[in-house]
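J.: Quick one: the structure is below, questions incoming.
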Amino acid sequence: MSPVFNFSAGPAVLPREVLIEVQKELMDWHGTGMSVMEMSHRGKEFMQIAAEAEEDLRSLMGIGKNYKVLFLQGGASTQFAMVPMNLVRGKKVIDFVDTGHWSKLAIKEARKFADVNIVASSEDRAYAYVPAQEAWKRSADAAYLHYTSNETIGGVEYPFTPDAGDTPLVCDVSSNFLSRPVEVNKFGLIYGGAQKNIGPAGLTVVIVREDLLGQVVPGTPTMFDYKIHADGDSMYNTPPTFAIYVAGLVFKWILKQGGLKAIEQRNIEKAALLYEVIDNSGDFYACPVDKPFRSRMNVPFRLTDERLDDEFIKEAKVRNLLQLKGHRSVGGMRASIYNAMPFEGVKALANFMQDFAKNHG
Ligand SMILES: *Cc1c(COP(=O)(O)O)cnc(C)c1O
(Lines give C-alpha, C1' and ligand atoms only; values in the text may rest on other atoms or scores of the structure.)
Protein backbone atom coordinates (compact mmCIF):
# COMPACT_ATOMS: atom_id res chain seq x y z
CA MET A 1 0.00 0.00 0.00
CA SER A 2 1.37 3.42 -0.91
CA PRO A 3 1.69 5.87 1.99
CA VAL A 4 -1.41 7.79 3.00
CA PHE A 5 -1.66 11.04 4.93
CA ASN A 6 -4.21 10.88 7.71
CA PHE A 7 -5.72 14.22 8.74
CA SER A 8 -8.04 12.77 11.39
CA ALA A 9 -8.77 14.94 14.44
CA GLY A 10 -8.42 11.99 16.80
CA PRO A 11 -7.55 9.25 17.25
CA ALA A 12 -4.94 10.58 14.91
CA VAL A 13 -1.70 9.98 13.08
CA LEU A 14 1.27 8.65 15.07
CA PRO A 15 4.94 9.03 14.11
CA ARG A 16 5.84 6.35 11.58
CA GLU A 17 9.13 5.66 13.39
CA VAL A 18 7.18 4.96 16.58
CA LEU A 19 4.80 2.54 14.86
CA ILE A 20 7.74 0.68 13.33
CA GLU A 21 9.34 0.36 16.74
CA VAL A 22 6.07 -0.87 18.27
CA GLN A 23 5.84 -3.46 15.50
CA LYS A 24 9.41 -4.58 16.10
CA GLU A 25 8.85 -4.98 19.82
CA LEU A 26 5.27 -6.20 19.68
CA MET A 27 5.89 -9.90 20.31
CA ASP A 28 9.05 -9.62 22.38
CA TRP A 29 9.81 -6.49 24.40
CA HIS A 30 13.58 -6.17 24.98
CA GLY A 31 14.22 -9.91 25.07
CA THR A 32 11.57 -10.68 27.69
CA GLY A 33 9.68 -12.94 25.29
CA MET A 34 6.52 -11.01 26.19
CA SER A 35 4.49 -8.27 24.58
CA VAL A 36 4.02 -5.12 26.68
CA MET A 37 0.31 -5.93 26.43
CA GLU A 38 0.89 -9.13 28.39
CA MET A 39 2.97 -7.70 31.23
CA SER A 40 1.90 -7.15 34.80
CA HIS A 41 1.74 -3.45 35.55
CA ARG A 42 3.57 -4.25 38.79
CA GLY A 43 6.43 -6.16 37.17
CA LYS A 44 9.82 -4.48 36.91
CA GLU A 45 9.67 -4.33 33.09
CA PHE A 46 6.49 -2.28 32.93
CA MET A 47 7.44 -0.20 35.98
CA GLN A 48 10.53 0.80 34.03
CA ILE A 49 8.47 1.68 30.93
CA ALA A 50 6.10 3.87 32.97
CA ALA A 51 8.91 5.54 34.93
CA GLU A 52 10.79 6.37 31.73
CA ALA A 53 7.66 7.77 30.11
CA GLU A 54 7.11 10.05 33.09
CA GLU A 55 10.75 11.10 33.19
CA ASP A 56 10.78 11.93 29.47
CA LEU A 57 7.55 13.91 29.74
CA ARG A 58 8.97 15.82 32.71
CA SER A 59 12.10 16.67 30.80
CA LEU A 60 10.19 17.65 27.62
CA MET A 61 7.88 20.06 29.46
CA GLY A 62 10.23 21.08 32.28
CA ILE A 63 7.78 19.86 34.92
CA GLY A 64 8.87 20.85 38.44
CA LYS A 65 9.13 18.49 41.41
CA ASN A 66 6.08 20.09 43.02
CA TYR A 67 3.88 18.68 40.25
CA LYS A 68 2.49 15.15 39.99
CA VAL A 69 2.18 13.47 36.61
CA LEU A 70 -0.75 11.06 36.46
CA PHE A 71 -1.48 8.48 33.77
CA LEU A 72 -5.25 7.95 33.96
CA GLN A 73 -8.15 6.69 31.84
CA GLY A 74 -11.55 8.03 30.86
CA GLY A 75 -10.44 10.71 28.43
CA ALA A 76 -10.61 14.46 28.83
CA SER A 77 -14.38 14.06 29.22
CA THR A 78 -13.86 12.36 32.58
CA GLN A 79 -11.58 15.24 33.60
CA PHE A 80 -14.50 17.63 33.02
CA ALA A 81 -15.93 16.12 36.25
CA MET A 82 -12.75 15.03 38.02
CA VAL A 83 -11.19 18.50 37.97
CA PRO A 84 -14.06 20.18 39.87
CA MET A 85 -14.41 17.20 42.27
CA ASN A 86 -10.79 17.72 43.28
CA LEU A 87 -10.22 21.44 42.86
CA VAL A 88 -13.39 23.13 44.11
CA ARG A 89 -12.00 22.84 47.68
CA GLY A 90 -15.03 24.38 49.34
CA LYS A 91 -15.14 27.45 47.09
CA LYS A 92 -18.41 28.64 45.59
CA VAL A 93 -17.52 29.49 42.02
CA ILE A 94 -15.36 28.33 39.11
CA ASP A 95 -14.28 30.74 36.37
CA PHE A 96 -14.44 29.56 32.75
CA VAL A 97 -13.58 31.03 29.40
CA ASP A 98 -16.01 29.82 26.74
CA THR A 99 -14.39 29.44 23.33
CA GLY A 100 -16.54 26.71 21.82
CA HIS A 101 -17.57 23.08 21.82
CA TRP A 102 -15.12 21.65 24.35
CA SER A 103 -15.29 24.63 26.74
CA LYS A 104 -19.06 24.23 26.75
CA LEU A 105 -18.91 20.56 27.70
CA ALA A 106 -16.42 21.27 30.47
CA ILE A 107 -18.69 24.05 31.77
CA LYS A 108 -21.77 21.81 31.72
CA GLU A 109 -20.07 19.22 33.89
CA ALA A 110 -18.52 21.73 36.32
CA ARG A 111 -21.99 23.18 37.04
CA LYS A 112 -22.74 19.97 38.94
CA PHE A 113 -20.15 20.92 41.56
CA ALA A 114 -20.21 24.71 41.87
CA ASP A 115 -21.51 27.89 40.29
CA VAL A 116 -19.85 28.67 37.00
CA ASN A 117 -18.90 32.19 36.06
CA ILE A 118 -18.25 32.65 32.34
CA VAL A 119 -15.52 35.30 32.40
CA ALA A 120 -15.79 35.76 28.63
CA SER A 121 -17.31 34.04 25.63
CA SER A 122 -16.72 34.29 21.89
CA GLU A 123 -20.16 32.89 21.09
CA ASP A 124 -21.27 36.32 19.80
CA ARG A 125 -19.17 35.76 16.66
CA ALA A 126 -19.58 32.01 16.25
CA TYR A 127 -16.44 31.25 18.28
CA ALA A 128 -14.08 32.76 15.72
CA TYR A 129 -11.67 34.22 18.27
CA VAL A 130 -10.33 34.21 21.83
CA PRO A 131 -11.75 37.09 23.92
CA ALA A 132 -9.08 39.61 24.98
CA GLN A 133 -7.91 38.94 28.49
CA GLU A 134 -8.29 42.58 29.59
CA ALA A 135 -12.06 42.20 29.29
CA TRP A 136 -12.43 38.96 31.26
CA LYS A 137 -14.82 39.37 34.19
CA ARG A 138 -13.20 37.18 36.80
CA SER A 139 -14.64 36.30 40.22
CA ALA A 140 -12.98 37.53 43.38
CA ASP A 141 -12.54 34.07 44.89
CA ALA A 142 -12.77 31.43 42.16
CA ALA A 143 -11.67 27.85 42.85
CA TYR A 144 -9.79 27.98 39.56
CA LEU A 145 -9.82 29.51 36.09
CA HIS A 146 -10.39 27.00 33.26
CA TYR A 147 -9.71 27.42 29.55
CA THR A 148 -9.34 25.24 26.47
CA SER A 149 -6.03 26.04 24.81
CA ASN A 150 -7.09 24.63 21.46
CA GLU A 151 -10.69 24.15 20.33
CA THR A 152 -10.35 21.05 18.19
CA ILE A 153 -13.60 21.52 16.29
CA GLY A 154 -13.59 25.30 15.89
CA GLY A 155 -9.86 25.49 15.13
CA VAL A 156 -9.27 28.30 17.64
CA GLU A 157 -6.02 28.32 19.61
CA TYR A 158 -4.77 30.64 22.37
CA PRO A 159 -1.69 32.58 21.25
CA PHE A 160 -1.00 33.39 24.93
CA THR A 161 -1.06 31.82 28.38
CA PRO A 162 -3.67 33.54 30.54
CA ASP A 163 -2.45 35.26 33.70
CA ALA A 164 -4.55 33.93 36.57
CA GLY A 165 -2.63 35.57 39.39
CA ASP A 166 -3.02 33.51 42.56
CA THR A 167 -6.00 31.57 41.20
CA PRO A 168 -5.04 28.10 39.97
CA LEU A 169 -5.01 28.05 36.18
CA VAL A 170 -6.48 24.88 34.63
CA CYS A 171 -6.18 23.96 30.97
CA ASP A 172 -7.61 21.30 28.67
CA VAL A 173 -4.68 20.75 26.29
CA SER A 174 -6.06 17.63 24.59
CA SER A 175 -5.46 18.78 21.04
CA ASN A 176 -2.29 20.84 21.33
CA PHE A 177 -0.45 18.86 24.00
CA LEU A 178 3.32 18.93 23.37
CA SER A 179 2.91 21.02 20.23
CA ARG A 180 4.78 24.01 21.72
CA PRO A 181 6.67 24.88 24.92
CA VAL A 182 4.55 25.37 28.04
CA GLU A 183 5.40 27.22 31.24
CA VAL A 184 4.08 24.53 33.54
CA ASN A 185 4.64 26.58 36.69
CA LYS A 186 1.93 29.01 35.58
CA PHE A 187 -0.64 26.21 35.95
CA GLY A 188 -2.47 24.50 38.76
CA LEU A 189 -3.48 21.65 36.51
CA ILE A 190 -3.06 20.60 32.88
CA TYR A 191 -4.98 17.70 31.37
CA GLY A 192 -5.43 16.05 28.01
CA GLY A 193 -6.46 12.85 26.29
CA ALA A 194 -3.58 11.16 24.49
CA GLN A 195 -5.27 10.30 21.23
CA LYS A 196 -4.87 13.67 19.50
CA ASN A 197 -1.19 14.40 19.79
CA ILE A 198 0.67 12.01 22.06
CA GLY A 199 -0.44 8.42 21.63
CA PRO A 200 -3.26 5.92 21.31
CA ALA A 201 -6.71 6.39 22.87
CA GLY A 202 -7.14 5.09 26.41
CA LEU A 203 -4.59 7.27 28.19
CA THR A 204 -5.32 10.62 29.83
CA VAL A 205 -2.42 12.66 31.20
CA VAL A 206 -2.93 14.97 34.19
CA ILE A 207 -0.21 17.26 35.50
CA VAL A 208 -1.24 18.75 38.84
CA ARG A 209 0.39 20.94 41.47
CA GLU A 210 0.81 18.90 44.62
CA ASP A 211 -0.68 21.41 47.06
CA LEU A 212 -4.04 21.20 45.28
CA LEU A 213 -4.48 17.52 46.14
CA GLY A 214 -6.34 15.89 48.99
CA GLN A 215 -9.46 18.06 49.26
CA VAL A 216 -12.07 16.22 47.17
CA VAL A 217 -15.76 16.96 47.53
CA PRO A 218 -17.48 14.59 49.98
CA GLY A 219 -18.69 11.40 48.34
CA THR A 220 -16.04 11.45 45.60
CA PRO A 221 -15.45 7.88 44.41
CA THR A 222 -11.94 6.57 45.07
CA MET A 223 -11.09 6.37 41.37
CA PHE A 224 -11.89 10.09 40.93
CA ASP A 225 -9.47 11.27 43.61
CA TYR A 226 -6.16 12.52 42.15
CA LYS A 227 -4.41 11.92 45.49
CA ILE A 228 -5.16 8.20 45.33
CA HIS A 229 -3.53 8.02 41.89
CA ALA A 230 -0.64 10.28 42.90
CA ASP A 231 0.12 8.23 46.02
CA GLY A 232 -0.03 5.03 43.98
CA ASP A 233 2.20 6.32 41.14
CA SER A 234 -0.79 5.90 38.77
CA MET A 235 -0.88 2.20 39.70
CA TYR A 236 -3.73 2.26 42.21
CA ASN A 237 -5.53 0.06 39.72
CA THR A 238 -4.47 -1.27 36.32
CA PRO A 239 -3.35 1.66 34.18
CA PRO A 240 -3.65 1.68 30.36
CA THR A 241 -0.31 -0.06 30.01
CA PHE A 242 0.01 -0.35 26.25
CA ALA A 243 -1.08 3.27 25.69
CA ILE A 244 1.49 4.45 28.26
CA TYR A 245 4.18 2.44 26.47
CA VAL A 246 3.35 3.96 23.05
CA ALA A 247 3.07 7.48 24.49
CA GLY A 248 6.51 6.92 26.07
CA LEU A 249 7.93 6.14 22.63
CA VAL A 250 6.30 9.30 21.27
CA PHE A 251 7.95 11.34 24.06
CA LYS A 252 11.33 9.88 23.07
CA TRP A 253 10.55 10.69 19.43
CA ILE A 254 9.82 14.33 20.32
CA LEU A 255 13.05 14.55 22.33
CA LYS A 256 14.89 13.23 19.28
CA GLN A 257 13.24 15.90 17.09
CA GLY A 258 14.85 18.52 19.31
CA GLY A 259 12.12 18.96 21.93
CA LEU A 260 9.14 21.28 22.05
CA LYS A 261 10.83 24.38 20.59
CA ALA A 262 11.85 22.46 17.48
CA ILE A 263 8.44 20.81 17.21
CA GLU A 264 6.78 24.21 17.55
CA GLN A 265 8.84 25.63 14.70
CA ARG A 266 7.77 22.78 12.41
CA ASN A 267 4.15 23.19 13.47
CA ILE A 268 4.26 26.91 12.63
CA GLU A 269 5.62 26.16 9.17
CA LYS A 270 3.12 23.37 8.49
CA ALA A 271 0.11 25.47 9.50
CA ALA A 272 1.31 28.49 7.51
CA LEU A 273 1.38 26.38 4.35
CA LEU A 274 -2.34 25.58 4.58
CA TYR A 275 -3.54 29.00 5.74
CA GLU A 276 -1.63 30.60 2.85
CA VAL A 277 -3.41 28.41 0.32
CA ILE A 278 -6.76 29.25 1.90
CA ASP A 279 -6.11 33.01 2.05
CA ASN A 280 -4.69 33.16 -1.49
CA SER A 281 -7.50 31.15 -3.07
CA GLY A 282 -9.54 34.21 -4.05
CA ASP A 283 -12.56 33.15 -2.01
CA PHE A 284 -12.51 29.57 -3.25
CA TYR A 285 -11.68 28.46 0.31
CA ALA A 286 -12.42 30.30 3.54
CA CYS A 287 -11.29 29.87 7.14
CA PRO A 288 -13.84 31.08 9.71
CA VAL A 289 -11.26 31.88 12.41
CA ASP A 290 -9.70 35.33 13.02
CA LYS A 291 -6.04 35.24 12.02
CA PRO A 292 -4.36 35.69 15.44
CA PHE A 293 -6.27 32.72 16.84
CA ARG A 294 -5.98 30.20 14.03
CA SER A 295 -5.00 26.79 15.33
CA ARG A 296 -1.70 25.23 14.33
CA MET A 297 -3.19 21.82 14.97
CA ASN A 298 -6.68 21.83 13.44
CA VAL A 299 -7.26 23.84 10.28
CA PRO A 300 -10.97 24.23 9.53
CA PHE A 301 -11.96 25.54 6.12
CA ARG A 302 -14.93 25.71 3.83
CA LEU A 303 -15.36 25.53 0.11
CA THR A 304 -17.37 28.64 -0.76
CA ASP A 305 -19.36 26.47 -3.15
CA GLU A 306 -20.53 23.74 -0.80
CA ARG A 307 -21.76 21.66 -3.72
CA LEU A 308 -18.11 20.77 -4.33
CA ASP A 309 -17.63 19.26 -0.83
CA ASP A 310 -18.17 15.64 -1.85
CA GLU A 311 -16.00 15.99 -4.93
CA PHE A 312 -13.21 17.52 -2.80
CA ILE A 313 -13.25 14.55 -0.41
CA LYS A 314 -13.37 12.11 -3.31
CA GLU A 315 -10.43 13.62 -5.21
CA ALA A 316 -8.41 14.02 -2.01
CA LYS A 317 -8.84 10.32 -1.36
CA VAL A 318 -7.46 9.47 -4.79
CA ARG A 319 -4.30 11.34 -3.70
CA ASN A 320 -4.19 9.39 -0.42
CA LEU A 321 -5.25 12.44 1.62
CA LEU A 322 -7.69 11.03 4.17
CA GLN A 323 -10.17 12.09 6.90
CA LEU A 324 -10.61 15.70 5.79
CA LYS A 325 -14.33 15.98 6.41
CA GLY A 326 -15.17 18.63 9.02
CA HIS A 327 -16.86 17.78 12.32
CA ARG A 328 -20.51 16.86 11.85
CA SER A 329 -21.59 19.88 13.91
CA VAL A 330 -19.92 22.46 11.63
CA GLY A 331 -19.54 20.80 8.21
CA GLY A 332 -16.94 21.91 5.71
CA MET A 333 -13.42 20.51 5.94
CA ARG A 334 -10.86 20.15 8.71
CA ALA A 335 -7.23 19.19 8.35
CA SER A 336 -5.67 18.10 11.62
CA ILE A 337 -1.92 18.43 11.35
CA TYR A 338 -0.59 17.24 14.68
CA ASN A 339 3.10 16.76 15.56
CA ALA A 340 3.26 13.43 13.76
CA MET A 341 1.93 14.75 10.44
CA PRO A 342 5.03 15.09 8.26
CA PHE A 343 5.74 18.26 6.32
CA GLU A 344 5.33 16.27 3.06
CA GLY A 345 1.77 15.40 4.09
CA VAL A 346 0.84 19.04 4.57
CA LYS A 347 2.64 19.96 1.34
CA ALA A 348 0.69 17.27 -0.52
CA LEU A 349 -2.58 18.65 0.85
CA ALA A 350 -1.62 22.25 0.00
CA ASN A 351 -0.75 21.21 -3.57
CA PHE A 352 -3.99 19.30 -3.91
CA MET A 353 -6.04 22.25 -2.64
CA GLN A 354 -4.43 24.55 -5.19
CA ASP A 355 -5.00 22.06 -8.02
CA PHE A 356 -8.59 21.49 -6.97
CA ALA A 357 -9.29 25.24 -6.88
CA LYS A 358 -7.75 25.64 -10.33
CA ASN A 359 -9.80 22.80 -11.80
CA HIS A 360 -13.11 23.75 -10.21
CA GLY A 361 -12.80 27.52 -9.73
C1 LIG B 1 -11.18 15.36 21.99
C2 LIG B 1 -11.26 16.41 23.02
C3 LIG B 1 -11.91 16.19 24.25
C4 LIG B 1 -12.60 14.90 24.57
O5 LIG B 1 -11.69 13.90 24.71
P6 LIG B 1 -12.10 12.40 25.09
O7 LIG B 1 -10.77 11.78 25.28
O8 LIG B 1 -12.87 11.85 23.93
O9 LIG B 1 -12.91 12.44 26.32
C10 LIG B 1 -11.90 17.22 25.18
N11 LIG B 1 -11.29 18.39 24.93
C12 LIG B 1 -10.68 18.63 23.76
C13 LIG B 1 -10.03 19.96 23.52
C14 LIG B 1 -10.62 17.65 22.77
O15 LIG B 1 -10.01 17.88 21.61
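The values are calculated or read from the model by the stated rules, or taken from the named source; none is laboratory data. Being a predicted model, the structure only gives us computed values, none of them experimental. When we count neighbours, we look across all protein chains shown, and the Cβ atoms used for this are built from the backbone with ideal geometry, even at glycine. What goes into the accessible areas is simple: the full protein's heavy atoms, side chains included, and nothing from ligands, DNA or RNA. Shrake-Rupley method; radii C 1.70, N 1.55, O 1.52, S 1.80 Å.
J.: What number of residues in segment 96-152 are surrounded by 15 or more Cβ atoms within 10 Å (Cβ to Cβ), within 16 Å of the ligand (Cβ to nearest atom) and not aliphatic (A, V, I, L, M)?
T.: Residues in segment 96-152 being surrounded by 15 or more Cβ atoms within 10 Å (Cβ to Cβ), within 16 Å of the ligand (Cβ to nearest atom) and not aliphatic (A, V, I, L, M): 18 in total.
Yes/no matrix, rows are residues, columns are (1) in the same structural domain as Ile20 (by TED's automatic domain parsing); (2) in contact with a Leu (Cβ under 8 Å, 6 or more places away or on another chain); (3) at pLDDT below 95:
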| residue | (1), (2), (3) |
| --- | --- |
| Ser174 | yes, no, no |
| Leu178 | yes, yes, no |
| Glu183 | yes, no, no |
| Leu189 | yes, yes, no |
| Met235 | yes, no, no |
| Leu249 | yes, no, no |
| Lys270 | no, no, no |
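J.: Ok, one more. All but one of (1) within 29 Å of Tyr338 (Cβ to Cβ); (2) touching a Pro at 6+ places or on another chain (Cβ under 9 Å); (3) open to solvent by 30 Å² or more (accessible area, probe 1.4 Å) hold for Phe224, so report the exception by its number.
T.: Tallying (1) within 29 Å of Tyr338 (Cβ to Cβ); (2) touching a Pro at 6+ places or on another chain (Cβ under 9 Å); (3) open to solvent by 30 Å² or more (accessible area, probe 1.4 Å), Phe224 fails exactly one: (2).
J.: Being among the aliphatic types (A, V, I, L, M) and part of a strand (DSSP E or B) is the filter; apply it to segment 287-324 and report the residue that is nearest to Gln354 (Cα to Cα).
T.: The qualifying residue nearest to Gln354 (Cα to Cα) is Leu303.
J.: Which pairs do you get when a residue that is open to solvent by 10 Å² or more (accessible area, probe 1.4 Å), found in segment 78-90, comes within reach of a residue that is not in a helix (DSSP H, G or I), reach meaning Cβ atoms under 7 angstrom, with the pair 6+ apart or on two chains?
T.: The qualifying pairs are Thr78/Thr204; Met85/Phe113; Met85/Val216; Met85/Val217; Met85/Thr220; Arg89/Ala143; Arg89/Gln215.
J.: Exactly one of (1) in a helix (DSSP H, G or I); (2) out of contact with any His (no Cβ under 9 Å at 6 or more places or on another chain); (3) over 20 Å from Leu255 (Cα atoms) is unmet by Met27. Its number?
T.: Of everything listed in (1) in a helix (DSSP H, G or I); (2) out of contact with any His (no Cβ under 9 Å at 6 or more places or on another chain); (3) over 20 Å from Leu255 (Cα atoms), Met27 misses just condition (1).
J.: Going by the conditions given, is Gly74 among the small types (Gly, Ala, Ser) and within 16 Å of the ligand (Cβ to nearest atom)?
T.: Judged against the criteria, Gly74 is a match.
J.: Which of the residues spanning segment 224-244 are of a type outside the set (S, T, N, Q) and more than 16 Å from the ligand (Cβ to nearest atom)?
T.: Scanning segment 224-244 gives Asp225, Tyr226, Lys227, Ile228, His229, Ala230, Asp231, Gly232, Asp233, Met235, Tyr236, Phe242.
J.: Scanning segment 194-211 for residues that are touching a Phe, Trp or Tyr at 6+ places or on another chain (Cβ under 8 Å) and away from the ligand (no atom under 16 Å from the Cβ), which turns out least open to solvent (accessible area, probe 1.4 Å)?
T.: Restricting to residues being touching a Phe, Trp or Tyr at 6+ places or on another chain (Cβ under 8 Å) and away from the ligand (no atom under 16 Å from the Cβ), the top hit is Val208.
J.: Cβ-Cβ below 8 Å, separation at least six or inter-chain, first residue in segment 241-267 and closer than 17 Å to Glu54 by Cβ, second basic (Lys, Arg) and part of a helix (DSSP H, G or I): which pairs?
T.: none
J.: To continue, here is another question. From the set of residues in segment 181-193 that are buried (at least 20 other Cβ atoms within 10 Å of the Cβ) and over 9 Å from the mean Cα position of the chain (by Cα), which is farthest from the ligand (Cβ to nearest atom)?
T.: My answer is Gly188.
J.: In segment 160-176, what count of residues is obtained for those that are farther than 13 Å from Ile207 by Cα and among the aliphatic types (A, V, I, L, M)?
T.: Adding up the residues that qualify gives 1.
J.: Right, next: Give segment 1-20 a look and list any residue that's open to solvent by 70 Å² or more (accessible area, probe 1.4 Å) and in a helix (DSSP H, G or I), or say none.
T.: Arg16, Glu17, Leu19, Ile20
J.: Can you confirm whether Lys256 is over 26 Å from the mean Cα position of the chain (by Cα) and at pLDDT 95 or above?
T.: On the way: over 26 Å from the mean Cα position of the chain (by Cα): no; at pLDDT 95 or above: yes.
Here the answer is no, as Lys256 does not meet what is asked.
J.: Please tell me if Ala53 is open to solvent by less than 70 Å² (accessible area, probe 1.4 Å), within 16 Å of the ligand (Cβ to nearest atom) and touching a residue at least 60 places away in the same chain (Cβ under 8 Å).
T.: No, not satisfied.
J.: Residues of segment 159-180 being of a type in the set (A, V, I, L, M, F, W, C), within 16 Å of the ligand (Cβ to nearest atom) and open to solvent by 10 Å² or more (accessible area, probe 1.4 Å), which ones?
T.: Val173
J.: Does Val277 fit the bill of being among the β-branched types (Val, Ile, Thr), at pLDDT 95 or above and open to solvent by 10 Å² or more (accessible area, probe 1.4 Å)? Before you say what the answer is, go through the steps one by one.
T.: Values: among the β-branched types (Val, Ile, Thr): yes; at pLDDT 95 or above: yes; open to solvent by 10 Å² or more (accessible area, probe 1.4 Å): yes.
When the stated conditions are applied, Val277 passes them.
J.: Please determine whether any residue of segment 273-286 is within 19 Å of the chain's Cα centre (by Cα), among the hydrophobic types (A, V, I, L, M, F, W, C) and not in a strand (DSSP E or B).
T.: no
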